[in-house]
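Colleague: Structure in structure tokens, see below.
Taken together, the values in this text are just the output of simple stated rules run on the coordinates, not laboratory data. This one's a predicted model, so the numbers in the text were calculated from it and none came from an experiment. Glycine also receives a Cβ, built like all others from the backbone with ideal geometry; neighbour counts cover every protein chain displayed.
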Amino acid sequence: MSGKDVILSIRNLYVNFYTYAGVVKAINGVDLDIYRGEVFGLVGETGCGKSVTSRAITRLIPSPGRIEKGEVFYKRDSEFVDLLKLPEDEIRKIRGNEISYIFQDPTSSLDPLYTNGYQIAETMVVHDKADWNDAWKRAVELLRETLIPDPESRVKNYPHELSGGMRQRVVISIALSNDPKILIADEPTTNVDVTVQAELMDLLKELQKKKGTTILLITHHMGLIAEMADRVGVMYAGNLVEIAPIEELFENPLHPYTKGLLRAVPNPLQKIEKLIPIRGMVPNLIYPPPGCRFHPRCDFAKPICKEKRPPRVEVSPGHFVECWLYAEEEVGGKNE
Amino acid sequence: MQKKRWGVKMSKVLVEVKNLKKYFPVRRFLLSKDFVKAVDNVSFQIHKGECLGLVGESGSGKTTLGRVILRLIEPTAGDVLYDGKSIFELKGEELKEFRKKAQMVFQDPYSSLDPRMTVFQIIIEGPRIHGIDVGDPEEFVVKLLETVGLKREHLYRYPHEFSGGQKQRIAIARALALNPEFVVLDEPTSALDVSVQASILNMLKELQAKFGLTYLFISHDLAVVKYMSRRIATMYVGRIVEIAESEELFENPLHPYTVMLLSSIPIPDPKIAKKKPRIKVKGEPPSPIRLPEGCKFYPRCPFAMPICKVKEPPLLNVGGDHLVACWLYGGGEM
């Protein structure tokens, strides 16, 4: 396990999307610390804001989205810089270099008009890590490291000539080309088969062990989280409702949403008579429910849940939860 | 061979698939013509009232198989017997009757519902075409909507007004409108979130018990298939490589491919997931156009023997209704 050396610290992050239908309050005051060398898993269902949070880190929020307020501190060398306040040319030096991304769909991450090798080498050339000649050689090495058979000829191929799993390996090669400090993998295996998924996850685990890269893994798959992550954050409707070490979260989930999520997932090793779904539906974030955003679906809702947002409480060391069941009512949480 | 494969069964066979083949022609260059062998020589049975799970990776032919069984596409060779009758010989009224008894629920509820029809029109279309007397059509549809957990107020809404889970409920109500016996569920929850998936799966199980339905449940998610099915068949590039009772398949998988597939599933339990040994198998499924000779899995198989390269193993019963197509488990004289 990693020490408590914080590499990335998100504070009070708010992101809104200005759509024709109204203002979508997508991220609603997220606080999160990520430690150097760990794999932090972020889970949640569609639309809970896990991808938006990860993109906000390097200001990759597309229009009509806007980061309203908050700070993202990144420990560069030994000093913290606020990524949200850096000038554009500075953040571009960090993006794809110190902090790199793997997105869900490799087909749209890659440019169909350039060869795989060109796209990997480009990342290094742009960040002045190598000239074209060396970068090209390094691209072959990277493809070899990501276990692509026959890398010498694969660098000359175009993305359409590879299978989905192979394309995602090319994307991983691009992400790894500059030896990033933080690797953000946003649903990296949602589009591939289980056997390929297992291989890609093994690959990431090995690279992480070898190079000590910090990984932020975003997924909706509880099984993947259990396999990969050291610590987990659970998101619901724009809030980070629970953070815990992996085994603690599965053994002793506290937030009613986390409990519900764990009960709804079939475990193939157990004989399950009946899955228990979470009643109700994800709220519309243009008009989010007041107080705790989960209260309309919660079986334990109290009067205060409808009025005030619960504060974050550390129930046991490293296990945080935002829920009135575990908080003193006087304390009060953030304002909506 | 056929007789030996299948033991005596207590329950009645509803669907019998016999040496089914479906090849899709692909034209490469001008002269040569190749085939994608999406389903190749597949035989199995589905018993009345059971749920047979069909798992496999993308491109293994699961969906094609599901469609041929409902005669949505014509096979290249082989036969499907429904209640003892070949569905490919049905004509006119008989075919219409079969269309009523056998229904399908598709993977993507966003594209399987007509955006220009209301929920009422979508559900009543089937009974109207088949001339079924449903009494008051509005009440009939409301009753179906309630069966799948929707309400009267949804009657005249359009598909875009619903969430993915609700759309899938509408698609299920449409399938139920004709009072079917047999439903092919093609990845019905793949497009949905886990909490929604749980409620749809529970509902499908309840409906099966209530109406005595027979399911063919197609999915790539082994955990979901295990939750739903009594028996599971594993497919690999167009062939069924193993069929067994669900518990048996998970506890005692025989085919190396099934073993590999099972060891690849991430288990939602960190204590097991972090320590679980993984059977590493290199490579990817072969191109369905240029398949290897013999067993289709041998290039990736850690236990490959000389015979595997030459001869394709037959699907044999190795006891306890556990069928496997692999030379490791005998059948040498065949």
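Colleague: Run lengths n ≥ 4 of DSSP H only: what is the helix-derived mean residue ellipticity at 222 nm for chain B, with -39500 (n - 2.57) per run over all residues, to the nearest 500?
Modeller: One gets -9000 deg cm²/dmol as the mean residue ellipticity at 222 nm.
Colleague: Let me ask something additional. So who's got an amide H within less than 5 Å of the one on B:V184, skipping anything under 5 residues away but keeping other chains? H placed 1.01 Å off N, in plane.
Modeller: HN-HN under 5 Å from B:V184: B:Q103, B:M104, B:V105, B:L216.
Colleague: Moving to a separate point now. Roughly speaking, what is the stretch gain from A:V6 to A:D105, that is 0.36 nm per residue apart minus the C-alpha to C-alpha distance, in nm to one decimal? Spell out each step's value before the answer.
Modeller: Numbers: separation 99, 0.36 × 99 = 35.64 nm, distance 2.97 nm.
Extending this stretch completely gives an extra 32.7 nm.
Colleague: What FRET efficiency would be calculated for the residue pair A:S316, B:E247, taking the C-beta separation as r and a Förster radius of 41 Å, to the nearest 0.05? The partial results should precede the final answer.
Modeller: Details: r = 37 Å, r/R0 = 0.90.
With a Förster radius of 41 Å, E is 0.65.
Colleague: On to the next question. From other protein chains only, count the Cβ atoms within 10 Å of every residue's Cβ in A:241-250, then give the mean. Show your work: numbers first, answer last.
Modeller: Numbers: counts 0, 0, 0, 0, 1, 4, 4, 1, 1, 5.
Mean inter-chain Cβ contacts per residue within 10 Å come to 2.
Colleague: What is the distance in Å between the Cα centres of region B:32-92 and region A:245-301?
Modeller: 39 Å
Colleague: Just to confirm a number: summing +1 for Lys and Arg and -1 for Asp and Glu over residues other than A:H295 whose beta-carbon lies under 11 angstrom from that of A:H295, what do you get? Display every interim value, and only then the final one.
Modeller: On the way: positive: A:R293, A:R297, A:K302, A:K306, A:K308, A:R309; negative: A:D299, A:E307.
Result for the local shell: +4.
Colleague: Here is a further query. Distance in nm between label sites at B:I272 and B:D34, each 7 Å beyond Cα in the beta-carbon direction?
Modeller: Using points 7 Å along Cα→Cβ, the separation is 4.0 nm.
Colleague: Another one. Please state, as a whole number in µm²/s, the translational diffusion coefficient that the Stokes-Einstein equation yields for chain A at 37 °C and 0.692 mPa s, with Rh defined as the Kirkwood radius across alpha carbon pairs. List each step's numbers first, then the result.
Modeller: Details: Rh = 21.0 Å.
This corresponds to a translational diffusion coefficient of 156 µm²/s.
Colleague: Sort A:F320, B:F98 so that the residue with the fewest other Cβ atoms within 10 Å of its own Cβ comes first and the one with the most comes last.
Modeller: Details: A:F320 20, B:F98 17.
The order, fewest Cβ neighbours first, is B:F98, A:F320.
Colleague: Could you check the simple spin-label distance between A:I286 and A:E141, using points 7 Å along Cα→Cβ, in nm with one decimal?
Modeller: 5.3 nm
Colleague: What lysines could a cross-link reach from A:K302, if we take a straight Cα to Cα line under 23 Å and drop same-chain neighbours fewer than 8 places away?
Modeller: A:K259, A:K334
Colleague: I would also like to ask the following. Using only DSSP helix segments of four residues or longer, with each worth -39500 (n - 2.57), what per-residue ellipticity at 222 nm results for chain A after dividing by its residue count and rounding to 500?
Modeller: Details: 12 runs with 105 residues, N = 336.
Value at 222 nm, helices only, nearest 500: -8500 deg cm²/dmol.
Colleague: List the trypsin sites (Lys or Arg not before Pro) within region A:64-147 that fall in a DSSP loop (any state other than H, G, I, E or B) and whose Cβ has at most 13 other Cβ atoms within 10 Å.
Modeller: The qualifying sites are A:K85.
Colleague: Follow-up. Past 26 Å, Cα to Cα, is the threshold; run B:K62/B:K101; A:K271/B:K18; A:K50/A:K75 against it and keep the listed order. Could the numbers behind the result be given before it?
Modeller: On the way: B:K62/B:K101 21 Å; A:K271/B:K18 32 Å; A:K50/A:K75 22 Å.
Cα-Cα > 26 Å for A:K271/B:K18; rest within.
Colleague: Report, as an integer, the average count of C-beta atoms from other chains found within 10 Å of each Cβ along A:185-194.
Modeller: Details: counts 0, 0, 0, 0, 1, 0, 1, 2, 10, 12.
Per residue, the average neighbour count from other chains is 3.
Colleague: Give the residue list of chymotrypsin sites (Phe, Trp or Tyr not before Pro) in region A:15-67 that are DSSP loop and have at most 15 other beta-carbon atoms within 10 angstrom. Can you show the working numbers first?
Modeller: Working: sites: A:F17, A:Y18, A:Y20, A:Y35, A:F40; in loops: A:Y20.
Hits after loop and neighbour filter: A:Y20.
Colleague: Separate question: Could you give the distance between the Cα centres of region A:36-93 and region B:126-179, to the whole Å?
Modeller: When both Cα centres are located, 45 Å separates them.
Colleague: Oh, and also: Across region A:18-30, in residue order, what do the Karplus-derived ³J(HN,Hα) couplings come to in whole Hz, using 6.51 cos²θ - 1.76 cosθ + 1.60 with θ = phi - 60° and x for Gly and Pro?
Modeller: After applying 6.51 cos²θ - 1.76 cosθ + 1.60, I find 8, 9, 5, 6, x, 8, 8, 8, 6, 10, 10, x, 9 Hz.
Colleague: Once label points are set 7 Å from the Cα along Cα→Cβ at both B:D114 and B:V134, what is their separation, rounded to one decimal in nm?
Modeller: 1.3 nm
Colleague: Any of B:K85/B:K167; B:K33/B:K85; B:K91/B:K151; A:K25/A:K306; A:K308/B:K151; A:K85/B:K274 with alpha carbons more than 28 Å apart? Name them for me. Let's see the in-between values first.
Modeller: On the way: B:K85/B:K167 34 Å; B:K33/B:K85 34 Å; B:K91/B:K151 38 Å; A:K25/A:K306 18 Å; A:K308/B:K151 32 Å; A:K85/B:K274 39 Å.
In this structure, B:K85/B:K167; B:K33/B:K85; B:K91/B:K151; A:K308/B:K151; A:K85/B:K274 exceed 28 Å between Cα atoms.
Colleague: May I pose another question? With a cut-off of at most 16 other beta carbons within 10 Å, and DSSP calling the residue loop, which trypsin sites (Lys or Arg not before Pro) in region B:245-323 qualify? Please list them. Walk me through the numbers on the way to the answer.
Modeller: Working: sites: B:K271, B:K274, B:K275, B:R278, B:K280, B:K282, B:R290, B:K296, B:R300, B:K309, B:K311; in loops: B:K274, B:K275, B:R278, B:K280, B:K282, B:R290, B:K296, B:K311.
In loop regions of region B:245-323 (DSSP not H, G, I, E or B), the sparsely surrounded trypsin sites (Lys or Arg not before Pro) are B:K274, B:K275, B:R278, B:K280, B:K282, B:R290, B:K311.
Colleague: With r defined as the distance between the Cβ atoms of A:E273 and A:E68 and R0 fixed at 56 Å, what FRET efficiency is calculated, to the nearest 0.05? Mind dumping the intermediate values first?
Modeller: Numbers: r = 46 Å, r/R0 = 0.82.
The formula returns an efficiency of 0.75 here.
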